[in-house]
There are 2 protein chains.
Amino acid sequence: MTAVSTMMRAALSLNHFLDRAGRYHADVEIVSRMPDKSLHRHTFRDFHRRALALAEVLVAAGVQPGDRVATLSWNHYAHLECYFGIPAAGAVMHNLNLRLFPHDLAFIVNHAKDHILIVDDVLLPLLAQFSKDVKFERIIVVPLTGKPVPAGYDDYEELLRKASGRFEPVAVDEHAPCGMCYTSGTTGHPKGVVYSHRSTVLHTLVAALPGALGVSDTDTVLPVVPMFHANAWGLPYLAVFVGARLVMPGPHLDAESLLDLFQRERVTITGGVPTIWLSILQALRSAPSRWDLVPGMRMLVGGSAAPESLFRGFDEFGLEVGTAWGMTETSPLGTVSALTAAMRALPEDQQYALRVKQGRAAPLVEIRLIGEQGEVAWDGQSAGEIQVRGPWITGSYHEMPVRESSFTADGWLRTGDVGCIDEHGFLRLTDRTKDLIKSGGEWISSVDLENAIMGHPAVLEAAVIAVPHPRWAERPLAVIVLRPGMSATAEEIQQYGSRTFAKWQVPDAYEFVAEIPRTSTGKFLKTKLRDMYKDWAWQGA
Amino acid sequence: MTAVSTMMRAALSLNHFLDRAGRYHADVEIVSRMPDKSLHRHTFRDFHRRALALAEVLVAAGVQPGDRVATLSWNHYAHLECYFGIPAAGAVMHNLNLRLFPHDLAFIVNHAKDHILIVDDVLLPLLAQFSKDVKFERIIVVPLTGKPVPAGYDDYEELLRKASGRFEPVAVDEHAPCGMCYTSGTTGHPKGVVYSHRSTVLHTLVAALPGALGVSDTDTVLPVVPMFHANAWGLPYLAVFVGARLVMPGPHLDAESLLDLFQRERVTITGGVPTIWLSILQALRSAPSRWDLVPGMRMLVGGSAAPESLFRGFDEFGLEVGTAWGMTETSPLGTVSALTAAMRALPEDQQYALRVKQGRAAPLVEIRLIGEQGEVAWDGQSAGEIQVRGPWITGSYHEMPVRESSFTADGWLRTGDVGCIDEHGFLRLTDRTKDLIKSGGEWISSVDLENAIMGHPAVLEAAVIAVPHPRWAERPLAVIVLRPGMSATAEEIQQYGSRTFAKWQVPDAYEFVAEIPRTSTGKFLKTKLRDMYKDWAWQGA
């Protein structure tokens, strides 16, 4: 006779994390930079009370389990309350990306059928740009500036004061939705990903592990990555779960403001896209003795592959860059680069070669590479599309049919990213499928070229794209921003690139510009670049 | 309309951990002390291959999902292969406690309906003591001594060599059973607890967190606690999951052998019951310069509350004692004592006061204290029965009706342990409900008295029990083992106890003995002590 497990069927729930924060981490501080640059301070005790108060007033306002409550907010204490208070009401926190075009925001709000909006007062002008195209039952304004909330809106603080303080979170099944993000795809309409209590709890447990992000109650965490972008990589959930001190930058994301917060609040771990760190590194270099940061502060880089020069550059300042890979569809932790004890004993250059990679599949996530002939070997050379599977990977998109272009027949997510995996299991991201360059029948990785060119001392940023070529079908073109006050010719850069790449791989076309167009999340907007240079006149072709 | 999570429904499974061990931790070493004291060494690559081979031969032998495969083994590489190979066959690993009486083992095997037994060759004499009362379909012998396996048994190594090496683990639902342990209760029949893939995976993820056991791939783990006792506190699962180096002591659990392994194999974390650590501390003290252990080696203590003198004693040697609380029914992690950053800044005495406690509920576990008037305050003083709830807490016993004495109507496990919880949420274990002493209508904690008396320099061990008293109903009696070569009178110890306890709480009866009887898991056998001294002649009563 088959044995049956005697274990309790206890549901995984964000409400458990909220309860622990109030019970065990009550004295831990949450610091938020306000629009006027002043610092707002309160504790997890306040957070716990206020998140439950928010849940109570939402339920009182008629919010039903599974209803969507949208946020349009920077990173700060009130947004954190929404992260937990909305799920405690049984509802779904849908964070809106305030960097999208207003017409995209309207599409997303309508597609998600958001009932209620919670919005920063400083973002009301953005709301005004699409409010005629959407219909919320109720709009709650967070008065960050302290100014009176305009007529017709609810005041977040006033609502919270109405709560009785006696509210039990709404119990839900662990598969019930707790959050929602739309992808910021550069082609087609944005697509909605709906996270569950289960997926978020599991993602948080794994992210906290020493071999993953490794955050504990001795840390002070500053998420530069916005809370409206892939859940700020789960850092808000993580900090609340482990009781780490939280520092929120609000709307001030320039290098100077961030360095000031790092120094003032003794930040030990932070995360953001490479462009943020490039600007921070430049600021540190321009005034090396000005900043006194916590030695060994960890800086997580994600969103796209970062050049080795970034790792080496920060090492000079005693700051440690770490990398990971993921996307909105993967909650977002797909892989994480954490060197093992054995790897940390390798020569420095070999360590760098591993550190710049995106690392191993996070625990509970499975990864594979699929090439034109099926599954590709883990030999560090063979490239294929990255496919993943696991409990926090999306298996569909909100209210959309499951398409072959996004999911395989055997249930894996097709990420659209291309990479190699080495014998250690370390993934190296080489490209988006659509960003590969096919020259004379051979593939060239735009990301590898960009990282090589960015190693040139005069180059601040480089984007490499495919442009049509009469003879080779496509050839790479490099769009380059030089460092202020420095110069380099196309020939010099081409020669520099030839040190690490075969001649046919190195771009023979260069364009020097003041700025590279970017997506709302700071990535190079390659669709725009390809469009700008599609009629490139090849000499002698 | 209610939103639905788009997350994949991926099952939590031990097979995922096994796969990661082969994929990512292949070069990590597993060292096992053999019966002849030689060291057997292989790697997670071997472990991965052999565990799958075991699964393959079990399936070939007709093992069906949910079938029980028992083990009767010390801690070593082959037992670890059973931990993962039996579940990979879809079956349930049932580890038998080799310290139980043969008639209890026969009861357990028959109650669990074990189909197959995997047994160390050195334990065949134990098997012979109950083999006539049980019936296995097949007995597989692990030839640890290298001697030929007796006729009538299968040879574990020979079976493994028959495997094709092409076997995919049997896919099971996450609630499917993977393991089984019987409680070693001192009263009544043993009761079976059946763990699931889900409960074991979640327990392992949480145990690995820095705020819990905090084990990572930089660690070398030596489980002194037997793999047949509460899953060796989950340490085998944990080491395989994070890729920590494993050192297995085999049958050699004396202080000298353990110290030799700690030193030789550079162990960084180990775990066992207090009596083990008392003997180790004594050995260190008797030859302080003899051993060269890894500085800061962590020693987890569980099973019962440990005296402060143990913490202070090891601190003198630069070794760190940590404590936790749990039982077979809780997988076993119920609470864990990990000081927060703020607590580590407290004065030393206050840190000790916290370190000796059993700590906070592990993440995902809920805890409460129930006294005679319902739930008891977290004030550090009020005591109540410890009740817990969570995804790795048992909600019933294998093939037994759910009784009120074990589970509450609202679904919590009644642990039978008594404790207080302070304002930090730290549990302090004060007693088993049945070990409390009720003197003149007031409760006295036997554990508190024991720990106080063990602080006396001449006392090696002390057990305090209730004995009937004509006037006070019950009074405490202390059974004492003195340190070799030292002496103390009852009056001296009574006076010593009066420093920290009220006069009426301190025992006025003392018995000096050479040894205190223990349970199979090393705890004081208080039922026996109570029986021995039930007719104590009170002077002047």
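A short reminder: the numbers here are calculations on the coordinates, not readings from a lab. Please read all numbers here as calculations on a predicted model, not as lab measurements. Here the Cβ positions follow ideal geometry from the backbone for every residue, glycine too, while neighbour counts run over all protein chains shown.
With a cut-off of 8 Å between alpha carbons and a minimum separation of six or more residues, what is the relative contact order of the stretch B:248-346 in percent?
RCO, the stretch B:248-346: 22 percent.
I need to check one value: relative contact order of the stretch B:437-533, counting alpha carbon pairs closer than 8 Å and at least 6 residues apart, in percent.
Averaging sequence separation for qualifying contacts and normalising by length gives 26 percent for the stretch B:437-533.
Mind checking A:198-208 for the average number of partner chain beta-carbons within 10 Å of each residue's beta-carbon?
4
In this model, which of B:Lys191/B:Lys526; A:Lys191/A:Lys434; B:Lys113/B:Lys528; B:Lys135/B:Lys191; A:Lys438/A:Lys534 are farther than 22 Å apart at the alpha-carbon?
Going by Cα-Cα distance, B:Lys113/B:Lys528 fall outside the 22 Å limit.
Run the simple label-point estimate for A:Asp133 and A:Glu168 please: 7 Å along Cα→C-beta, distance reported in nm.
4.4 nm
For A:Gln495, what charge total do you get from the other residues with a beta carbon under 14 Å from its beta carbon, if Lys and Arg give +1 and Asp and Glu give -1?
With Lys, Arg at +1 and Asp, Glu at -1, the net is -1.
Might you report the magnitude of the Cβ-based charge dipole of the stretch B:437-533 about its Cα centre, with Lys and Arg at +1 and Asp and Glu at -1, to the nearest 20 debye?
200 debye
With only alpha-carbon atoms in the gyration tensor, what are the semi-axes of the equivalent ellipsoid for the stretch A:194-345, in Å, largest first?
Result for the stretch A:194-345: semi-axes of 24, 17, 15 Å.
How would you rank B:Arg264, B:Arg33, B:Arg360, B:Arg530, going from fewest to most other Cβ atoms within 10 Å of each one's own Cβ?
Listed from fewest to most nearby Cβ atoms, that is B:Arg264, B:Arg530, B:Arg360, B:Arg33.
State, as an integer percentage, the relative contact order of chain A based on alpha-carbon contacts under 8 Å between residues 6 or more apart.
Relative contact order, chain A: 10 percent.
What are the label-to-label distances in nm, one decimal and shortest first, from A:Ala61 to the same spot in the other copies, with labels 7 Å along Cα to Cβ?
6.3
Based on the Cα atoms of chain B, what semi-axes does the equivalent ellipsoid have, where each is the square root of 5 times one gyration tensor eigenvalue, given in whole Å with the largest first?
39, 26, 24
Using Cα centres only, tell me the gap between the stretch B:285-356 and the stretch A:432-508 in whole Å.
First find each Cα centre; the distance between them is then 57 Å.
Grab the beta carbon distance between A:Ala353 and A:Thr408, set R0 = 22 Å, and tell me the FRET efficiency rounded to 0.05.
My answer for the efficiency is 0.10.
Estimate the FRET efficiency between B:Gln539 and B:Gln381 by the formula 1/(1 + (r/R0)^6), using the beta-carbon distance for r and 30 Å for R0, to the nearest 0.05.
Calculated value: 0.35.
Karplus couplings for the stretch B:269-276 from phi (6.51 cos²θ - 1.76 cosθ + 1.60, θ = phi - 60°), rounded to Hz, Gly and Pro as x?
Going residue by residue, I get 8, 8, x, x, 7, x, 4, 4 Hz, with x marking Gly and Pro.
For B:Asp27 and B:Asp422 in one chain, what is 0.36 nm times their gap in residues minus the Cα-Cα distance, to one decimal in nm?
137.8 nm
Near A:Lys132, which aspartates and glutamates are there with a Cα under 19 Å away, not counting those fewer than 8 places off in the same chain?
Candidates past the 8-residue exclusion: A:Asp104, A:Asp114, A:Asp120, A:Asp121, A:Asp154.
Roughly how compact is the protein assembly as shown, stated as its Cα Rg over 2.2 N^0.38 Å to two decimals?
Working it through for the protein assembly as shown, the quotient is 1.00.
Let me know the shape class of the stretch B:140-265, please: from the alpha-carbon gyration tensor, a ≥ b ≥ c as square roots of the eigenvalues, rounded when a/c is under 1.5, otherwise prolate if a/b is greater than b/c, or oblate.
The shape class here is rounded.
For the stretch A:361-432, what does the convex hull of the Cα positions come to per residue, in cubic angstrom?
For the stretch A:361-432, the hull spanned by Cα atoms encloses 92 Å³ per residue.
How big is the charge dipole of chain B about its Cα centre, in debye rounded to the nearest 20, if each Lys and Arg gets +1 on its Cβ and each Asp and Glu gets -1 on its Cβ?
In total the dipole reaches around 500 debye.
So how far apart, in nm, are the two label points at A:Arg9 and A:Phe101 if each is 7 Å from Cα heading toward Cβ?
A separation of 4.8 nm, rounded to one decimal place.
Please list the non-local residues whose amide H lies under 5 Å from the amide H of A:Val267, H modeled 1.01 Å from N, same-chain partners needing a gap of 5 or more.
A:Val294
Once the label point is set 7 Å along the Cα-to-beta-carbon vector, what list of distances in nm do you get between B:Pro470 and its counterparts in the other copies?
When each copy's label point is compared with this one, the spacings are 12.1 nm.
For chains A and B related by rotation, which residue of A has the Cβ nearest the axis, and what is the rounded distance in Å?
Nearest Cβ to that rotation axis, in whole Å: A:Leu205, 2.
If a paramagnetic tag sat 7 Å from the Cα of B:Glu366 along the Cα-Cβ line, which residues of the stretch B:378-396 would have the backbone N under 20 Å from that point?
B:378-379, B:384-396
Amide H to amide H under 5 Å from B:Glu461: which residues, 5+ apart in sequence or cross-chain, H placed 1.01 Å off N in plane?
The answer is B:Val481.
Just to confirm a number: summing +1 for Lys and Arg and -1 for Asp and Glu over residues other than A:Val388 whose beta-carbon lies under 13 angstrom from that of A:Val388, what do you get?
-1
Tell me the mean residue ellipticity at 222 nm calculated for the protein assembly as shown from its helices only (DSSP H runs of n ≥ 4, each -39500 (n - 2.57), averaged over every residue, nearest 500).
The per-residue figure over the protein assembly as shown is -7500 deg cm²/dmol.
Give the separation of the Cα centroids, the stretch B:239-259 to the stretch A:65-119, in Å.
51 Å
Determine the sum of side-chain charges near B:Tyr153: Lys and Arg each +1, Asp and Glu each -1, restricted to other residues whose C-beta is under 15 angstrom from that of B:Tyr153.
Result for the local shell: -4.
Just tell me the longest site-free run in chain B, where the sites are GluC sites (Glu not before Pro) in a DSSP loop having at most 16 other beta-carbon atoms within 10 Å.
So the longest stretch without any such site is B:138-315.
So if we plug the beta-carbon distance of B:Arg344 and A:Gln64 into 1/(1 + (r/R0)^6) with R0 = 45 Å, what FRET efficiency do we get, rounded to 0.05?
For B:Arg344 and A:Gln64, the calculated efficiency is 0.50.
Of A:Val513, A:Ile465, A:Ala478, which is farthest on the positive side of the dipole of the stretch A:437-533, counting Cα position, with +1 on Lys and Arg Cβ, -1 on Asp and Glu Cβ, and the Cα centre as origin?
A:Ile465
Restricting to Cα atoms and excluding each atom paired with itself, what does the Kirkwood estimate give for the stretch A:437-533 in Å?
Kirkwood radius, the stretch A:437-533: 13.5 Å.
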